[in-house]
Structure formats: structure tokens, C-alpha cells
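Colleague: Here you go, one structure.
The values are calculated or read from the model by the stated rules, or taken from the named source; none is laboratory data. Keep in mind that this is a model prediction, so the values were computed, not measured. FYI the Cβ positions are ideal-geometry reconstructions off the backbone, even for glycines, and counts take in every protein chain you see. These accessible areas exclude ligands, DNA and RNA; they are computed on the full protein's heavy atoms, side chains included. Shrake-Rupley method; radii C 1.70, N 1.55, O 1.52, S 1.80 Å.
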Amino acid sequence: MTTLHTEIASPLGPLLVTGRPSATAPGGTALTSLSVPGQKNAPAPDGIRDHAAFAEAERQLTAYFAGEARGFDLEFAVEGTEFRRRVWDALDAVPYGATTTYGELAARIGASRAAVRAVGGAVGANPLLVLRPCHRVIGADGSLTGYAGGLDRKRVLLALEAAGAPTTA
């Protein structure tokens, strides 16, 4: 299968985006990863550099960083265990501007309290930083905890979303 990649400029630094031709949308690209410079376990650029293949991802990311979009409508093609996919689906359900804890994620997927470390491992294995909002997961005490892109970038993302989040009375 052909692997594609490009870099997209962002306030977090250049984002390395990888993907492959979509199996469901002819001419489209299914994203396999989004990483930042210095990220632990980030993939190396591989395959064909094709910026045009990621035009829609760039458009949506630009809108997100400008505070004009609160989510993404992109095709993902990531592989993971059934457990990881359940955790990632739960991450996708965390609303823009909100945070959750590892324990709350475990409860959402029906995992025991003892599974919190495994949930943390699945969150840490998320290959789609920003797009799949693992930055919205915080410690049970409200502290900022690990983020593959670094805590400074996590702070930037949470501040961006707090500024654009709806206020409640």
C-alpha cells in the first residue's frame, strides 16, 4: 500500500501527517498519523511526499488553530487492538473545550478502575495528536499529565479550546 506524507505548519510547529489512499473515498486520503517535532515514538516520513493529498486535513487544522472549527471530519486508518480502539472512540467523544480523566475514560468504556493504567497506555499510543483529542485528558487531581507532544503543546491546545469554548451561566 502506498504511504503518503507531508508537513503542515501550525502553532505547535510543523505537523508531520501520514496517510494512505482512501479505501472508501476515491481520490481521498485516510490519515494514519499526525505527530509533532520531538514526539516520542513519532513515525519518520516514509513513502511519497504529497502535500496535495492532505489539502483537506490542512484546511481543517488551519480552521481549528484559528478557533474557527471545533472538530474534524477526516478519514482515519489507524490500527490498534480492540481495547485501544474503544479508548480512542471514547477520546473522540470528549467535547471541544472539555477535559476528562483517565478514570472517567475507563468508566466510559466499561473498564474497571484497575484498568486506568491500560487506558493511559492506549491514550499515549494515540497516533493522531490533535485530531484525536488526547490533550483533553488530565490527571484525577486536575494536573496536566503526560502528552506525547509535550506538556507545553498540551497547554497551548487546552488554552486554544478554552478561549473558543462556549461559556455557561
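Colleague: Taking Ala44, is it closer than 30 Å to Ala118 by Cα and without any contact (Cβ under 8 Å) to a residue 24 or more places away in the chain?
Modeller: Spelling it out, Ala44 is indeed closer than 30 Å to Ala118 by Cα and without any contact (Cβ under 8 Å) to a residue 24 or more places away in the chain.
Colleague: If we keep just the residues of the stretch 11-30 that are within 13 Å of Glu75 (Cβ to Cβ) and in contact with a Lys or Arg (Cβ under 9 Å, 6 or more places away or on another chain), which is surrounded by the fewest Cβ atoms within 10 Å (Cβ to Cβ)?
Modeller: Going through the qualifying residues, I end up with Ala30.
For (1) at pLDDT 95 or above; (2) surrounded by 18 or more Cβ atoms within 10 Å (Cβ to Cβ); (3) among the small types (Gly, Ala, Ser), each residue gets a yes or a no:
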{"position": "Lys40", "(1), (2), (3)": "no, no, no"}
{"position": "Asp46", "(1), (2), (3)": "no, no, no"}
{"position": "Ala55", "(1), (2), (3)": "yes, no, yes"}
{"position": "Leu74", "(1), (2), (3)": "yes, yes, no"}
{"position": "Gly80", "(1), (2), (3)": "no, no, yes"}
{"position": "Ala93", "(1), (2), (3)": "yes, no, yes"}
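Listed here are the residues, each with its yes/no results for (1) at pLDDT 95 or above; (2) within 30 Å of Arg59 (Cα to Cα).
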position	(1), (2)
Gly103	no, no
Ser112	no, no
Ala115	no, no
Pro133	yes, yes
Asp141	no, no
Leu144	no, yes
Tyr147	no, yes
Leu151	no, yes
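Colleague: Restricting to the stretch 146-165, name every residue that is under 22 Å from Thr81 (Cβ atoms) and open to solvent by 30 Å² or more (accessible area, probe 1.4 Å).
Modeller: Gly146, Ala148
Colleague: Just for the stretch 117-145: of the residues that are surrounded by 15 or more Cβ atoms within 10 Å (Cβ to Cβ) and of a type in the set (S, T, N, Q), which one is farthest from Leu15 (Cα to Cα)?
Modeller: It comes out as Thr145.
Colleague: Could we say that Leu157 is of a type outside the set (Ser, Thr, Tyr) and in contact with a strand residue (DSSP E or B) (Cβ under 6 Å, 6 or more places away or on another chain) here?
Modeller: No, not satisfied.
Colleague: Write out, first by first residue and then by second, each pair whose Cβ atoms fall under 7 Å of each other, whose residues are 6+ apart or on separate chains, and whose first residue, in the stretch 76-103, is in contact (Cβ under 8 Å) with a residue 60 or more places away in the chain while the second is surrounded by fewer than 17 Cβ atoms within 10 Å (Cβ to Cβ) and in a helix (DSSP H, G or I).
Modeller: Gly97/Ala162; Gly97/Gly164
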